[in-house]
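*Asks:* Provided herewith is a single structure, encoded as structure tokens, for subsequent inquiry.
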Ligand code: ME8
């Protein structure tokens, strides 16, 4: 049978400063989805990268007396280090400064120009340099500043190339209306529909005021607008120009996961570029919410950022991943808060999950020398645990397929609580004292180990290190599949488990 494929992307991040926990949020979600799909048997391509061109980067480099490439090389290395520490399982990392990407962008520009959808004209507009965006008078905020970052815009006039977005306005509107799954969540879809209905102007896609970018083919004093350059990244690593088979395999992308403020670029501009190229549109653009601090978006420009590296040093990557996935409902904004993070570590990770593993392994070692004995018969309580395990695995698949990640996390933790309650209800330490309860004791310990095996599989997309450690302590193979979580009773009789080791130390609150 042919393998199902899945192509997921994050935005490519600007190396204008180090990344903050908001960026880590987006990449963690994408990583979790990618890991889930691999677990479910898909052949996954997961892409992230860096968006390195543009005036802002050039200015930042100049201010530091280095060349743009020297500047970005250093920051991009810190992105890659962060993703490694956070266990991000990307299959490729695209840098827009790479020759393989230049080739694709220029070819895309050439094809659309040859078709007559790119023309030369004169541009006068209000430009926000930090956001690399042009705005119309109407779009500015109440102070006449950029509606996104609220800083002053500059009036800019230049000879430039334009992309005929107006020609595609009706088609993109129809596409968004006809394909409800193309743009999610629904609120973002409604925003985009009204945005398009206000009318789309042709987009200026070249600049002459700086040179840190990809030159327009055959007219090198122009560089290609950074968004036209950046969006094209999604085609580069999957073989757009050099590997037709690979391209067919992964395109159209299954999900472009992006922050809500750049949904417009990913649906309208990207959608129109693809239409002009005659290439299928991605299956889904998902606009996630922001991490906010006291109601304000966390952002480099606002200076209210939290450094994910420091958090990882302090709490470990799984704790950070868990908090981001559990606390923030995908599509909505969520608060980042250190106390809430510590609370989650202590209650959900150290207490609920950590104790379940510790108690279970301890009892198997103490009462049965670490050996799992045959489970025969069983009480009503045993049956209800088994049913809940099966139900959890089933619901989990559905929630994860629907990208309801925080609900899937909650579901698994509901089962973890159920297992802890099962220990209290069955009281294995009492069974161990009664010779006539030997079989019951073996059943309970088997069921607990089996539940932990299932839990280790289900949490692997969320907190991969912890999943590995649980499997290690259970002395089971790391080669796991989602299917294996859907059948109760896979652990072999006479299997020997390891000794318990603490998963998460409790954090003392100052
Ligand atoms: O927009 N909460 O790059 P970027 C959650 N280069 N997510 C946040 C966030 C927050 N507080 N702040 C940022 C760009 N993000 C372009 C993308 S794609 C072809 C080009 C996330 O570095 C959010 O997903 O400014 C945002 O869209 C992304 O970081 C990239 O931000």
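*Asks:* Between a first residue in segment 237-266 that is on the phi > 0 side of the Ramachandran plot and a second residue that is in a helix (DSSP H, G or I), which pairs have beta carbons less than 7 Å apart while being 6 or more apart in sequence or on different chains?
*Replies:* Partner pairs satisfying both residue conditions: 239/246; 239/247.
*Asks:* Does segment 25-44 contain at least one residue that is near the ligand (Cβ under 10 Å from one of its atoms), surrounded by fewer than 22 Cβ atoms within 10 Å (Cβ to Cβ) and not in a strand (DSSP E or B)?
*Replies:* Filtering segment 25-44 for residues near the ligand (Cβ under 10 Å from one of its atoms) gives 25-27, 29-30.
Next, from what is left, pick out any that are surrounded by fewer than 22 Cβ atoms within 10 Å (Cβ to Cβ): 26.
Next, from what is left, pick out any that are not in a strand (DSSP E or B): 26.
Checked segment 25-44: at least one residue is near the ligand (Cβ under 10 Å from one of its atoms), surrounded by fewer than 22 Cβ atoms within 10 Å (Cβ to Cβ) and not in a strand (DSSP E or B).
*Asks:* Then there's this: Looking at 190, 211, 179, can you tell me which residue is closer than 30 Å to residue 333 by Cβ and modelled with pLDDT under 95? Spell out how you get there, then give the answer.
*Replies:* Working: 211 fails: closer than 30 Å to residue 333 by Cβ; 179 fails: modelled with pLDDT under 95.
So the residue among 190, 211, 179 that is closer than 30 Å to residue 333 by Cβ and modelled with pLDDT under 95 is 190.
*Asks:* Restrict the check to segment 67-74 and report whether at least one residue is more than 27 Å from residue 284 (Cβ to Cβ), more than 20 Å from the chain's Cα centre (by Cα) and part of a loop (DSSP other than H, G, I, E, B). Steps first, answer last, please.
*Replies:* Our first condition is that a residue be more than 27 Å from residue 284 (Cβ to Cβ); within segment 67-74, this holds for 67-74.
Checking which are more than 20 Å from the chain's Cα centre (by Cα) leaves us with 67-74.
When the remaining residues are screened for being part of a loop (DSSP other than H, G, I, E, B), the result is 67.
Looking for residues that are more than 27 Å from residue 284 (Cβ to Cβ), more than 20 Å from the chain's Cα centre (by Cα) and part of a loop (DSSP other than H, G, I, E, B), one finds at least one in segment 67-74, hence yes.
*Asks:* Which residues, counting only those in segment 237-262, are in a helix (DSSP H, G or I) and more than 9 Å from the ligand (Cβ to nearest atom)?
*Replies:* Residues of segment 237-262 in a helix (DSSP H, G or I): 237-238, 244-250, 260-262.
Those that are in a helix (DSSP H, G or I) and more than 9 Å from the ligand (Cβ to nearest atom): 237, 238, 244, 245, 246, 247, 248, 249, 250.
*Asks:* Out of the helices (runs of 4 or more DSSP H) lying entirely within segment 319-432, which hold 1 or more residues that are in contact with a helix residue (DSSP H, G or I) (Cβ under 9 Å, 6 or more places away or on another chain), closer than 28 Å to residue 182 by Cα and in contact (Cβ under 8 Å) with a residue 40 or more places away in the chain? Full working, then the answer.
*Replies:* Working: elements: 338-344, 355-368, 380-401, 405-426, 428-431.
Output list reads 380-401, 405-426.
*Asks:* Out of segment 143-163, which residues are more than 32 Å from the chain's Cα centre (by Cα) and in a loop (DSSP other than H, G, I, E, B)?
*Replies:* Residues satisfying the conditions are 143, 144.
*Asks:* Out of all the residues in segment 263-280, which are out of contact with any strand residue (DSSP E or B) (no Cβ under 6 Å at 6 or more places or on another chain) and either at pLDDT below 95 or within 15 Å of the ligand (Cβ to nearest atom) (or both)? It would help to see each step written out before you state the result.
*Replies:* Keep residues of segment 263-280 that are out of contact with any strand residue (DSSP E or B) (no Cβ under 6 Å at 6 or more places or on another chain), which gives 264-265, 268-280.
Across segment 263-280, the qualifying residues are 264, 265, 268, 269, 270, 271, 272, 273, 274.
*Asks:* A further question follows. Do we find a residue being surrounded by 22 or more Cβ atoms within 10 Å (Cβ to Cβ) and either without any contact (Cβ under 8 Å) to a residue 60 or more places away in the chain or within 20 Å of the chain's Cα centre (by Cα) (or both) anywhere in segment 290-300? Show your work before the answer.
*Replies:* First pass over segment 290-300, keeping only residues surrounded by 22 or more Cβ atoms within 10 Å (Cβ to Cβ): 291.
Filter once more, keeping what is either without any contact (Cβ under 8 Å) to a residue 60 or more places away in the chain or within 20 Å of the chain's Cα centre (by Cα) (or both): 291.
Within segment 290-300, one or more residues are surrounded by 22 or more Cβ atoms within 10 Å (Cβ to Cβ) and either without any contact (Cβ under 8 Å) to a residue 60 or more places away in the chain or within 20 Å of the chain's Cα centre (by Cα) (or both).
*Asks:* Here's something else I'd like to know. Which residues, counting only those in segment 332-355, are crowded, with 18+ Cβ neighbours inside 10 Å and within 15 Å of the ligand (Cβ to nearest atom)?
*Replies:* Within segment 332-355, 334, 336 qualify.
*Asks:* Also, I was wondering about something else. Filter segment 281-312 down to residues that are assigned to a loop (DSSP other than H, G, I, E, B), within 30 Å of residue 173 (Cα to Cα) and within 9 Å of the ligand (Cβ to nearest atom), then give me how many there are.
*Replies:* Qualifying residue count for the region: 2.
*Asks:* Based on this model, can you work out whether residue 443 counts as assigned to a helix (DSSP H, G or I), closer than 21 Å to residue 382 by Cβ and touching a residue at least 12 places away in the same chain (Cβ under 8 Å)?
*Replies:* Details: assigned to a helix (DSSP H, G or I): yes; closer than 21 Å to residue 382 by Cβ: yes; touching a residue at least 12 places away in the same chain (Cβ under 8 Å): yes.
Taking the combined requirement at face value, the residue satisfies it.
*Asks:* If a residue has to be surrounded by fewer than 21 Cβ atoms within 10 Å (Cβ to Cβ), in a helix (DSSP H, G or I) and out of contact with any helix residue (DSSP H, G or I) (no Cβ under 7 Å at 6 or more places or on another chain) to count, how many in segment 100-123 make the cut?
*Replies:* 7
*Asks:* Now for a different question. Evaluate the following for residue 8: is it within 16 Å of residue 237 (Cβ to Cβ) and away from the ligand (no atom under 13 Å from the Cβ)? Reasoning before the result, please.
*Replies:* Values: within 16 Å of residue 237 (Cβ to Cβ): yes; away from the ligand (no atom under 13 Å from the Cβ): yes.
Taking the combined requirement at face value, the residue satisfies it.
*Asks:* Answer yes or no as to whether residue 126 is in a helix (DSSP H, G or I) and without any contact (Cβ under 8 Å) to a residue 40 or more places away in the chain. Show your work before the answer.
*Replies:* Working: in a helix (DSSP H, G or I): no; without any contact (Cβ under 8 Å) to a residue 40 or more places away in the chain: yes.
For residue 126, the condition - in a helix (DSSP H, G or I) and without any contact (Cβ under 8 Å) to a residue 40 or more places away in the chain - is not met.
*Asks:* Condition first: at pLDDT 95 or above and assigned to a helix (DSSP H, G or I). Can you find one or more residues in segment 90-99 that meet it? I'd like the intermediate steps shown before the answer.
*Replies:* Step one: filter segment 90-99 for residues at pLDDT 95 or above, giving 90-99.
Subsequent filtering for residues that are assigned to a helix (DSSP H, G or I) retains 99.
Yes: segment 90-99 contains one or more residues that are at pLDDT 95 or above and assigned to a helix (DSSP H, G or I).
*Asks:* Inspect segment 235-253 for any residue being crowded, with 21+ Cβ neighbours inside 10 Å, within 17 Å of residue 52 (Cα to Cα) and touching a helix residue (DSSP H, G or I) at 6+ places or on another chain (Cβ under 7 Å) and give the result as yes or no.
*Replies:* Yes, because at least one residue in segment 235-253 is crowded, with 21+ Cβ neighbours inside 10 Å, within 17 Å of residue 52 (Cα to Cα) and touching a helix residue (DSSP H, G or I) at 6+ places or on another chain (Cβ under 7 Å).
*Asks:* Moving on. Any idea which of (1) modelled with pLDDT of 95 or more; (2) under 27 Å from residue 490 (Cα atoms); (3) buried (at least 18 other Cβ atoms within 10 Å of the Cβ) is the one residue 370 doesn't satisfy?
*Replies:* (3)
*Asks:* Failed condition for residue 162, given (1) more than 18 Å from residue 126 (Cα to Cα); (2) surrounded by 13 or more Cβ atoms within 10 Å (Cβ to Cβ), with all others met?
*Replies:* (1)
*Asks:* Okay, next question. When residues of segment 265-288 are filtered for being crowded, with 20+ Cβ neighbours inside 10 Å and under 17 Å from the mean Cα position of the chain (by Cα), how many remain?
*Replies:* The number of residues fulfilling the criteria is 6.
The values are calculated or read from the model by the stated rules, or taken from the named source; none is laboratory data. Bear in mind that the values here come from a model prediction, so they are computed numbers and not experimental data. With ideal geometry, Cβ positions are generated from the backbone for all residues, glycine too; neighbour counts draw on all protein chains shown.
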